[in-house]
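Single-structure report; data block below.
What follows is calculated from the coordinates using simple rules that are stated; it is not laboratory data. Being a predicted model, the structure only gives us computed values, none of them experimental. Here the Cβ is made from the backbone with ideal geometry for all residues, glycine too, and neighbour counts use every protein chain on show.
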Amino acid sequence: MSDDVETLDPVSHILECFRLRGDSGYGKEAVSQLEHALQSAYAAEQANASPELIAACLLHDVGHLLHDLPEDAPDQGIDDEHEQLGAAWLVEHFVPEVVEPIRLHVAAKRYLCAVDPEYFSKLSPPSIQSLELQGGPMTKTQAAHFELHPHFEAAIKLRRIDDQAKIPGLSTPPLSHFANYLSQSLIGRSES
Ligand SMILES: [Fe+2]
């Protein structure tokens with residue numbers, strides 16, 4: 001990321017990241033990173049989710065934009081740990097209701113694979129491939145522990161939206177439409 005981008009306020013910085021790198025592929029899925037983010041945020045908005053969860057849906061894969069690993073990294077056996085990268089980058093600016101579901105969205109996939117056979121049966125092939133690199137389905141003990149996390153429910157909601165936000169050509173509002181949800185979710189600025 002250039003120095004010019006680094007000096008922007010957090011919301012402008014994120015919008016610029018999507019403008020600069022959002023057209024990169026979302027792994028092997030048939031949509032770009034920006035399309036995936038917009039479809040996720042739009043689905044959350046349509047479901048009357050909180051501003052923080054809409055922001056989380058928009059930003060949940062921003063970690064993919066923060067590294068220079070190739071799009072076929074999973075083929076090389078590499079887990080980019082994008083959920084941790086993204087959360088570490090966002091935590092300085094956004095409230096926990098945004099950051100923690102993002103940090104947990106891979107764990108939420110591992111949880112749902114453990115407790116919901118139908119969920120696993122509907123995962124896309126790239127998501128099944130990355131699941132293996134991410135540790136596979138949780139054990140029963142891990143799943144029970146995960147349910148106690150204070151952001152468990154938000155993480156599951158985000159995950160289920162994430163898995164459906166891969167529709168080629170789906171029309172969504174533009175990135176600017178969601179900027180206000182980001183502003184509302186900054187530390188010290190939440191109106192909810
Ligand atoms: Fe995603």
Query raised in the report: without any contact (Cβ under 8 Å) to a residue 60 or more places away in the chain, hydrophobic (A, V, I, L, M, F, W, C), surrounded by fewer than 23 Cβ atoms within 10 Å (Cβ to Cβ) and under 21 Å from Ser176 (Cβ atoms): does that describe Leu8?
Result: yes
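Here is a yes/no grid of residues against (1) within 16 Å of the ligand (Cβ to nearest atom); (2) closer than 21 Å to Ala43 by Cα:
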| site | (1), (2) |
| --- | --- |
| Leu90 | yes, no |
| Val98 | yes, yes |
| Ile102 | yes, yes |
| Gln129 | yes, no |
| Thr139 | no, no |
| Phe146 | no, no |
| Leu158 | yes, yes |
| Gly169 | no, yes |
| His177 | no, yes |
Query raised in the report: Is one or more of the residues making up region 124-136 small (Gly, Ala, Ser), surrounded by 15 or more Cβ atoms within 10 Å (Cβ to Cβ) and either touching an Asp or Glu at 6+ places or on another chain (Cβ under 6 Å) or in contact (Cβ under 8 Å) with a residue 40 or more places away in the chain (or both)?
Result: yes
Query raised in the report: For the subset of region 25-43 comprising residues that are within 13 Å of the ligand (Cβ to nearest atom) and assigned to a loop (DSSP other than H, G, I, E, B), which member is nearest to Val98 (Cα to Cα)?
Result: Tyr26
Query raised in the report: Within region 44-61, is there a residue that is of a type in the set (Asp, Glu), within 16 Å of Leu158 (Cβ to Cβ) and within 12 Å of the ligand (Cβ to nearest atom)?
Result: yes
